[in-house]
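The values are calculated or read from the model by the stated rules, or taken from the named source; none is laboratory data. Computed from a prediction, not measured in an experiment: that's the story for all the values here. We place every Cβ from the backbone using ideal geometry, glycine too, and count neighbours over all the protein chains shown.
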Amino acid sequence: MKIPVFAEILGIDRKRFLRVALEEYDPGVLKVIEARFGPQISRNEAEILQEIRTLSGGADPKLRTPQQRDALGEFVAQLSR
């Protein structure tokens, strides 16, 4: 079976499933793909990124402090529940 078929059966984003499969079975290939094309993100990640861009007015926000990183960690934990 192919990755897209598995992803559909499991109800998982195709890019996310491919990334997980490559991390597990051939991380070297994943490194090559991401070096050439950049990180591949899921639909959910793209939606979150778009919201960050909207909320920041198109700025390029940066994590500058451990507290900001902790706050982002809390945000991610809430989204993951």
Inset, instruction - Return yes when E34 is part of a helix (DSSP H, G or I), of a type in the set (D, E, K, R) and surrounded by 11 or more Cβ atoms within 10 Å (Cβ to Cβ) and no when it is not. - result: yes
Legend entry - Filter result for G57 (out of contact with any Pro (no Cβ under 9 Å at 6 or more places or on another chain) and not in a helix (DSSP H, G or I)): yes
Inset, instruction - Can you tell me which residue within the range 37-52, out of those that are out of contact with any Pro (no Cβ under 9 Å at 6 or more places or on another chain), of a type outside the set (D, E) and assigned to a helix (DSSP H, G or I), is nearest to V76 (Cα to Cα)? - result: I48
Legend entry - Check on P39, exposed (fewer than 12 other Cβ atoms within 10 Å of the Cβ), at pLDDT below 90 and of a type outside the set (S, T, N, Q): yes
Legend entry - Whichever residue in the range 42-56 is charged (D, E, K, R) and exposed (fewer than 12 other Cβ atoms within 10 Å of the Cβ) and, among such residues, is modelled with the lowest pLDDT: R43
